[in-house]
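In what follows, a single structure is set out as structure tokens and then discussed.
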Amino acid sequence: MNSKMTKAVSYTLAACVVVSSLSFSASAATATSGVSALSSATGVLETTDYTAFAGAQLSVNDMIANANILAAESQLADNEASTVAASEENPYADIAIAQVDNYVYIRESASADSDYVGKLYNNSAATVSETVEAEDGTWLLITSGDVTGYVKSEYVVQGDQELAKEVSRRLATVKTTTLYVREEATTESDIIDLIPVGDDLTVVDESMADTGWVKVTCNAGEGYVSTDYVDLSTDFTVAESKNAEIARLAKEEEEKKAAQEAAKKATQAAAAVEKANSSSSSSSSKSYSAPSGSDGSSVVAYGSQFVGNPYVYGGSSLTNGTDCSGFVMSVYSAFGVSLPHSSSALRSVGYGVSYDEMQPGDIVCYSGHVGIYAGNGQLLHASTYRTGITYSNVNYKQILAIRRIF
């Protein structure tokens, strides 16, 4: 195996999650960073600096279906290229998973000298339709998302069912107004969390699926949800085309500048209101400072004033009660930035950064929960009915995505 092969960092790559399967979102991806020496022969970044990347997602059924279609249509070429067909024993036989430090180029032809058409990031998946033996080694013709081209076989692992399951994410997407997460797999059990329609949770155990329940992870811990009220699916991360990357980076830069300008205007307006009200009579109610600044630390400074205020499911009031996504939305709203009231939708706002790059003000996303990184390993968030708005260890559970606005 190639020396650049390395173990996946799950929270970094989990930033690849997007709301809609099979589509690219220009704002749901991250700029590649930490670029070091590039190998012209392979197109693989020789770096151990993991970066968060968000391209698109493809369901496991679509991946397997694509693999079977490609295998059926592909013919042996004059160069004795061969195909690998999926079998009933291993439906993942035609699925290849990238195992590289950062990404591998997908090229137009089976040659390191040909132009690249896209990038297959570490732990991203592709379907293989052909194996080509060339002078410089073995190449695979792959399709990943909307990108088709060639990668060197040494940079992917093909047909590994366990790896494919490991790098994919099993989802339970809520299809009812409010989903109850219960302590045990019965309607008589206590409710430990409430999840709104459209949000999704990570499924951790399906051994009881035949009884109508699956085990998921949420902000309150692990619990059970009825399969009557969720859609189950499996998502892989797929490649990003060259054109999609160019468009994404341009949009991210544009949105970053717009957010900074909006924050500047909002904080100036808030300061003016605060000054005008400073001469008014004092009251016994708690007062809060207006937002100031236009960076992540300013966001944390403003949001931290509300620690101790109540958690209210579906709420968005920083004083009278808010839920986790309402807290993030309302804090950023004070800086003139409009964000969705949804923990899953917040995984595709702004641009993604890696865990090592995380800074105060970054939005940290989990299964069924979201908060704001406060620095020093702490998460500022509207946690539970018991704690309200509080601080927690940012690693209290697996991180799915880290998004930056400014």
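Every number here is computed from the coordinates shown, using simple stated rules; none is lab data. Worth saying up front: this structure is predicted, and the values here are computed from it rather than measured. Backbone-built Cβ (ideal geometry, glycine too); neighbour counts: all protein chains shown.
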Discussion item. Run the simple label-point estimate for Asp356 and Val197 please: 7 Å along Cα→C-beta, distance reported in nm.
Written reply: 4.4 nm
Worksheet item: Let a ≥ b ≥ c be the square roots of the eigenvalues of the Cα gyration tensor of the range 161-278; is it rounded (a/c under 1.5), or, if not, prolate (a/b larger than b/c) or oblate?
Response: oblate
Item to complete: Pull up all non-local amide H partners of Ile106: gap of 5 or more, or a different chain, and H-to-H distance under 5 Å with H placed in the peptide plane.
Response: Val117, Gly118, Lys119, Leu120
Worksheet item: Picking from Val197, Val181, Val230, whose Cα lies most toward the positive end of the charge dipole for the range 171-235 (charges on Cβ: Lys, Arg +1; Asp, Glu -1)?
Response: Val197
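Return one quarter of the surface area of the convex hull spanned by the alpha-carbon atoms of the range 340-400, equal to its mean projected area, in nm². Don't jump to the answer; show the numbers that get you there.
On the way: hull surface 16.3 nm².
Its average projected convex-hull area is 4.1 nm².
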Fill in: Rounded Å value of the spacing that divides the Cα centres of the range 314-353 and the range 174-200
21 Å
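Using a/c under 1.5 as the rounded threshold, could you call the range 171-235 rounded, prolate or oblate? The axes a ≥ b ≥ c are square roots of the C-alpha gyration tensor eigenvalues, and prolate needs a/b larger than b/c, oblate otherwise. Each step should come with its number before you reach the end.
Numbers: a/c = 1.34, a/b = 1.07, b/c = 1.25.
Rounded is the answer for the range 171-235, as its axis ratio a/c remains below 1.5.
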Worksheet item: Which whole-Hz couplings ³J(HN,Hα) result when phi for each residue of the range 192-198 is put into the Karplus expression 6.51 cos²θ - 1.76 cosθ + 1.60, θ = phi - 60°, listed in order with x for Gly and Pro?
Response: 9, 7, 10, 10, x, 4, x
Item to complete: Kindly state, to the nearest 0.05, the FRET efficiency for Lys275 paired with Thr384, given R0 = 45 Å and r defined as their beta-carbon distance.
Response: 0.75
Worksheet item: Which whole-Hz ³J(HN,Hα) couplings does the range 304-314 yield from phi under the Karplus relation 6.51 cos²θ - 1.76 cosθ + 1.60, θ = phi - 60°, glycine and proline marked x?
Response: 5, 4, 9, 4, x, 6, x, 8, 9, 4, x
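How much length would be gained if the chain were fully extended between Thr211 and Glu261, taking 0.36 nm per residue of separation minus their Cα-Cα distance, in nm to one decimal?
Working: separation 50, 0.36 × 50 = 18.00 nm, distance 5.29 nm.
Result: 12.7 nm gained on full extension.
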